[in-house]
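The values are calculated or read from the model by the stated rules, or taken from the named source; none is laboratory data. Everything numeric here is computed off the predicted structure, so don't read it as measured data. With ideal geometry, Cβ positions are generated from the backbone for all residues, glycine too; neighbour counts draw on all protein chains shown.
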Amino acid sequence: MQVDTSSVVHKHKVAPEGKGAAPAWRTRWTGMWSLAAIDARPLLFAFSLCAGAATYFLAPEEPSLLACLGAWIGAGLLLLAARRLVTWSFLYVLMVAGFGVVTGFTAGAVRTRLVDAPVVTEATRPVMLEGWVAGVEPGKKGPRLRLEVHAIQGFAPEDQPRFVRLTHMARLEVAPGRFVRCWAVLRPPPAPVLPGDYDFQRQAYFEQLGAVGYVQGRCRGGTLGAPTGIADRLGISLSTFRRNLAAHVNVAAGERAGGFAAALISGDRSFMAEEDQEALRGSGLAHLLAISGLHMGIVGGLVFFLTQKALVLFEPLALRVPVQKPAAVTALLASLAYLVLSGASVSTQRAFIMSAVVFGAVLFDRAAISMRSFAIAMIAVVLLQPESVMTPGFQMSFAASGALIATYEAWSHRRAGRERVLGPIPFAWASLVMTSVVAAVATAPFALYHFDRLAGLGLIANLLAMPVISFVSAPSAALALLLTPFGLGDVGLRLFGYSLELVLMIAHGCADMAPSKVSLPSAMPGASMALFAVSLALVTTARGAGRVLLCALAVLPAVYLWTESPQLVLHWSASGEVFARTSEGGMKRFDFADGDGLAPLRYSTLEAASCGELPCELETPAGRLELSNEGNCRPLHEAVLQLSLTAPGEACAFNHNWEQVSRVGGLSVWQGKSGMIVQAGAVCRDRPWRQCQS
């Protein structure tokens, strides 16, 4: 029987070798530059959105919203015209990138106006505050209460913040959902004290957190009922349910790992011991505490797998209906339930959007794990929450996801051959090692920029802990959910607790071994971090051998700028603590003065070191520094700088005293190529989330 092939549509035509065939070198060269390809355009638009949003938040002054909207409309019209008129594909791609930058910039400006809410402008005396407990977080000095404000003494209703966060140092006797009355001291959310440090003030603005402070005495329950608004009432009810769930899991999972189990299921970390949290940070397993892509992927993937296998058992249904589609709907609903249950933090919302894109691709018969899905998820997150572009969670999660998908695409092409050579079990372990290495390399630049350190044994800790989380902890939690209707849910939770005890044992073991933390002698500048991000974007966008070349074009200048940047050798923060870089390159913290300001968050986990009796000396890359009770203008043992608690009797550039440092908000000393740079206070630029005092 002959087959008529005249009507067959060939999607990909390949020129035969010989006449008309492109030379091999030209094929390889053009394969390097695939930025103009159709599949690369969503990626290019997504990365351009990120660049535009970041540009907005780094702008020195607030732009006009009308100007932003006008530029966005103009860029859109220009892009539509270019689609018909421009014949050079690379030029069109540049216009797509330009439209993405303008869109991201405008999204940031619009979002800033939408979340605008009152903020406390200066510290208050103790005032009576009434509100509902929306959440409880752990803190070093006591639990932190997030209150939805009802009334504040001395504040007009239109000037009251929507939310405040208070440190409760006394024994806590109120739970989420309860209406409380507290005597509290309020102050504005603190601004960053070092360039590149975490900007809590900006994050608080977008969370509508208008004040922070502490409670004098104890918050006591009031008689007012729930809020009147439907959304507020629902939020308080969910907070109450989450707190009760966390308390139950904390008991049922066992004393040793109950707090860890409660944090993974409900997002409530208040039951977790501080030493366990520190061990997870020191071992590189702190990402387990933030309910994000890993947790959402395990929940959605497990529900999808179980539902699909269950539907296959019904043969009439399996023969007539593509079972993966109802399984995808079920997994999507389960992911949504987990989003609500875990508190819907920014990282969890981002993870849910990515999960929704994946399961949506299954519903519409598209590739679930692909660069296109990755780009759609990034676009959705940036348009909905452009401020998240500046957070380490966004940067590290998308860096790891993009690098893993790019690796997966290359790895899957060779899977059959490698699995045949290695065998299924060794191949699975090789895949696990490759996944851990790729994720560690992709997230390392962002970890170094934001936290100034790496977990030295993070790779080993993840290789040991992740199989436990994926193959023991997740099924145990699912078993607990399945057994709950029969009153046997605590059995699954206890198994869940046993598995997490093993994870904590791994975390403590890796954190205690040297070198558990790797700190570099020079902090990474923002320009280097941006170039590292560009290199990752090029690696995921480009195809062929050009990936390596394009990556090198961005990485080499990033490393050069890093090595040439000034080195922070000392910071005397408004909290009174002194952070000094030793001659060996590591940072040390010294409790020197008594202040109430904010210390650099990147050094918040450092243990206090002893300097000895005052006056004492510190050897730094900039020279010898002196800490003294009384200020004077006579250098001690050739010290180049003196920090004192009291001012000297005469003015001199050699001395910096606590009175002047606390007034300007801190002191930083940098060592550059041309010598020592002393900077008093932090540079402040007026933006909606930061009001500079003249």
If Leu614 satisfies every condition in (1) of a type outside the set (Phe, Trp, Tyr); (2) crowded, with 18+ Cβ neighbours inside 10 Å; (3) not assigned by TED's automatic domain parsing to the domain that holds Leu536 but one, which is the exception? (2)
Check Val358, Val299, Val340, Val381 and return the single one that is farther than 30 Å from Ala204 by Cβ and out of contact with any Pro (no Cβ under 9 Å at 6 or more places or on another chain). Val358
Would you please list the contacts, defined by Cβ atoms under 6 Å and residues six or more apart or on different chains, that run from a residue in the stretch 239-253 that is surrounded by 19 or more Cβ atoms within 10 Å (Cβ to Cβ) to a residue that is aromatic (Phe, Trp, Tyr) and assigned to a helix (DSSP H, G or I)? Ala253/Phe496
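Any chance the stretch 549-568 includes a residue that's under 19 Å from Val661 (Cβ atoms) and under 27 Å from the mean Cα position of the chain (by Cα)?
The answer is yes; a qualifying residue exists.
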Helices (runs of 4 or more DSSP H) completely within the stretch 408-507 that count 1 or more residues being more than 16 Å from Phe260 (Cβ to Cβ), modelled with pLDDT under 80 and of a type in the set (Asp, Glu): 415-422
Condition (residue is within 21 Å of the chain's Cα centre (by Cα) and within 17 Å of Ala511 (Cα to Cα)) applied to the stretch 289-297: is it met by at least one residue? yes
Scan the stretch 259-282 for residues that are of a type in the set (Gly, Ala, Ser) and farther than 28 Å from Ala337 by Cα and jot them down. Ala279, Gly282
Being buried (at least 20 other Cβ atoms within 10 Å of the Cβ) and over 29 Å from the mean Cα position of the chain (by Cα), is that true of even one residue in the stretch 197-206? no
Inside the stretch 584-630, can you point out the residues that are modelled with pLDDT under 75 and hydroxyl-bearing (Ser, Thr, Tyr)? Ser604, Thr605
